[in-house]
Amino acid sequence: MTAVVPDASRAGSRKAKGSAYQPVGRGTFLLLLTPLLLVFAFGFAYPLLTVGRFAFDRFESAVGQIPAWSTEQFSAILGTEVYRDLLVRTLLLALVTTLVSILICYPLALAITRGPRRLRGILMALTLMPMLTSVVVKTFGWTVLLSREGFLQGVLDSLGIPVQLLFTPLGVVIGLVHTYMPFMALSLVAALARIDRRTEEAATSLGSGPLGVFFKVTLPQTRNGLAAGMVLTFVTSMSALVTPQLLGGGRVNTLVTVIYTQATSAQNWPLASALGLVLLAITFLILLLNSVVMGRGSRN
Amino acid sequence: MWATVLAVLAFIVAPLAVVVASSFTATGYLAFPPEGFSLEWYGAAARNSTFVDSFLTSLQLALAVAAICALVSIPASYAIARHPGRTATLLEQVFLSPLMLPAVVFGLGLLFVLSALGYRGTFVGGLLGHVIIASPFVIRSVLAGFRDMDPHLEDAAMSLGASRLRAFLTVTLPSVLGSAMSGLVFAFVISFDEAVVTLFLTGPSFETLPVTIFTYVQYSNDPTIAAVSTVLIAISFVLVALTMRSPKDSDDR
């Protein structure tokens with residue numbers, strides 16, 4: 001009961017704050033926004049529109065890019081087995097990365113929210129550490145660990161497990177999980193922190209075992225956080241460039257690595273643009289699907 | 001469960017620990033576990049003009065990005081915070097959208113536009129790309145500052161006769177200094193560590209440190225990259241540690 005009172009007063013004061021601001025006039029509003037709007041119009045909107053336009057150009061290796069309104073690139077992407085495989089591989093890598101992230105982040109998030117209080121800060125800092133390091137540096141570390149002469153490969157070899165790590169999909173997934181798991185961990189920490197622990201105590205006192213409590217009470221209550229973490233991990237790992245490029249070594253291609261090589265070495269800009277639009281379309285579809293499902297979930 | 005947590009933590013720390021540890025190796029090739037102890041690779045990095053040039057480019061770029069983000073994002077955030085409505089909400093979403101958009105698609109588009117104008121592989125082109133990527137972090141942080149500050153301060157200054165500009169400069173801006181600083185430090189770090197968009201915009205006369213490392217990793221097995229990477233890790237960590245302290249400082253005041 002006591003906890004409710006300061007909350008209410010704070011909400012009241014915030015409401016009063018909102019009305020006390022002196023709004024700026026329309027002219028000042030526009031004047032203050034103009035510099036950023038110009039930067040975004042030229043540096044953001046125009047480039048994206050150019051990608052949209054180039055995707056419908058034609059390309060012949062002898063001539064180069066030919067301005068047109070053709071769907072040649074899209075029919076090549078959707079109709080050729082090479083590109084269909086590429087699409088499937090990209091989605092599979094992102095899916096596996098997301099599922100592995102759930103498995104390793106759930107125990108971590110439980111430790112952060114329910115472990116000894118002194119450890120929580122350290123655990124959280126360690127979890128966020130990959131986010132504070134350039135993806136190039138992290139991936140460089142993995143190339144050393146996963147390489148043929150590297151530590152992990154040595155362990156596998158001495159155990160007689162005939163699995164190669166560097167320049168294989170497995171190596172790429174290891175790097176992707178490491179780079180994008182903080183998103184999953186943060187979502188799960190937020191979801192677990194919101195759970196009313198009394199629901200678990202109630203289940204225990206009604207005779208449920210620890211596994212039953214976890215799967216029937218704890219896990220269902222983190223559904224929304226889990227969904228948010230999955231969407232973020234999937235979308236970001238699908239768009240990764242540095243990790244598949246360095247850990248795949250040209251042998252594990254994704255939509256994004258092909259966009260990069262087509263744009264920079266092959267100079268086939270129409271194909272790169274069309275692949276870019278496909279990536280954009282998948283991203284939007286996932287975000288849209290998520291907002292529809294989440295909207296329905298919160299209404300129930 | 002604790003065994004799993006320890007394993008996960010080892011997984012998180014492993015690649016960074018390997019980079020730092022192997023930068024001190026005494027062997028002529030990357031080795032983990034490192035053999036011997038030596039600082040010679042830091043010396044080698046300092047004598048390598050490619051690494052030094054990239055480092056200086058990255059430093060100048062990140063400083064310029066933070067400065068431009070401050071100049072264009074702080075006024076825009078103030079406008080959005082003090083003129084609420086449908087337009088402001090829409091603009092806020094547009095300005096934050098680089099956070100959700102796949103960076104490759106943006107890098108690709110910027111490559112096209114800059115090539116057409118003859119600015120591919122230039123510092124200015126890289127600057128434009130980095131400002132777009134880093135500005136959402138400044139906007140998010142500063143917008144929260146403008147929305148959470150005590151509105152009576154601004155109101156009091158203006159009713160005592162200060163113009164809006166004077167009230168902004170002497171009252172509003174100082175009271176959001178903490179959130180502005182942490183936003184700008186983030187902009188610096190984002191720019192300093194950025195690789196994806198930069199890989200599309202790089203050229204012989206414009207190469208940042210992450211791009212140089214990216215290139216070296218593919219063709220070389222030389223511990224100098226480990227030394228350079230350790231420097232990059234250290235800079236990001238120190239800067240982020242500083243921002244984590246700054247909100248506490250502003251609370252004390």
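None of the figures in this text is laboratory data; all of them are computed from the coordinates on show. Quick caveat, the model's predicted, so the values are computed rather than measured. Methodologically, a virtual Cβ is constructed for each residue, glycine included, from the backbone with ideal geometry; neighbour enumeration extends over all protein chains shown.
Packing-based ranking of A:172-182, A:285-295, A:43-53 yields A:172-182, A:43-53, A:285-295, ordered from highest to lowest mean Cβ neighbour count within 10 Å. When chain B is treated as a Gaussian network with alpha carbon springs shorter than 10 Å, the biggest mean-square fluctuation among B:Ser97, B:Ser58, B:Ser236 belongs to B:Ser97. If only the Cβ of Lys and Arg carry +1 and only the Cβ of Asp and Glu carry -1, the dipole of region B:56-219 around its Cα centre is close to 300 debye.
Over the protein assembly as shown, the reciprocal of the mean inverse Cα-Cα separation, the Kirkwood hydrodynamic radius, stands at 25.6 Å. What do you get for Rg/Rh of region A:83-299 when both radii come from the Cα atoms and Rh is the Kirkwood radius? Expressed as Rg/Rh, it is 1.03. The residue among A:Thr71, A:Ala45, A:Leu255 whose Cα reaches farthest toward the positive pole of the charge dipole of chain A, with charges on the beta-carbon of Lys, Arg, Asp and Glu, is A:Ala45. Computed over chain B with a Gaussian network model linking Cα atoms closer than 10 Å, the most mobile of B:Leu101, B:Leu117, B:Leu127 is B:Leu117. Over the C-alpha atoms of chain B, the Rg to Rh ratio, Rh being the Kirkwood estimate, stands at 1.05. The mean number of partner chain beta-carbon atoms within 10 angstrom of a residue's beta-carbon across peptide B:212-222 is 4. Inter-chain neighbour count for A:24-37: the average number of beta-carbon atoms from partner chains within 10 Å of each residue's beta-carbon is 6. Placing +1 on the Cβ of every Lys and Arg and -1 on the Cβ of every Asp and Glu, with nothing else charged, gives region A:83-299 a dipole about its Cα centre of roughly 600 debye. Dividing the Cα radius of gyration of region A:211-286 by 2.2 N^0.38 Å, with N the residue count, gives 1.54. Look at the alpha carbon pairs under 8 Å that are at least 6 residues apart: their mean separation over the length of region B:56-219 gives a relative contact order of 39 percent. A DSSP coil position with no more than 16 other Cβ atoms inside 10 Å describes the following chymotrypsin sites (Phe, Trp or Tyr not before Pro) in region A:56-122: A:Trp69.
In a Gaussian network model over chain B where Cα atoms closer than 10 Å are linked, find which of B:Met100, B:Met181, B:Met149 has the largest mean-square fluctuation. In this elastic network of chain B, the residue with the biggest mean-square fluctuation among B:Met100, B:Met181, B:Met149 is B:Met100.
Toward the positive end of the charge dipole of the protein assembly as shown, with +1 on the Cβ of Lys and Arg and -1 on the Cβ of Asp and Glu, the farthest Cα among A:Ser273, A:Leu32, A:Ile104 is that of A:Leu32.
Put a dot 7 Å past the Cα of A:Arg58, heading toward its Cβ, do the same for B:Val124, and the two dots end up 3.6 nm apart. Each Lys and Arg Cβ is given +1 and each Asp and Glu Cβ -1; about its Cα centre, region A:121-228 then shows a dipole of about 260 debye.
Using the Cβ of A:Gly64 as centre and a radius below 12 Å, the other residues enclosed give a net charge of -1, where K and R count +1 and D and E count -1. Counts of other chain beta carbons within 10 angstrom of each beta carbon in peptide B:92-104 average 5.
Highest mean first, the peptides A:138-144, B:205-211, B:155-161, B:45-51 sorted by other C-beta atoms within 10 Å per residue fall in the order A:138-144, B:205-211, B:45-51, B:155-161.
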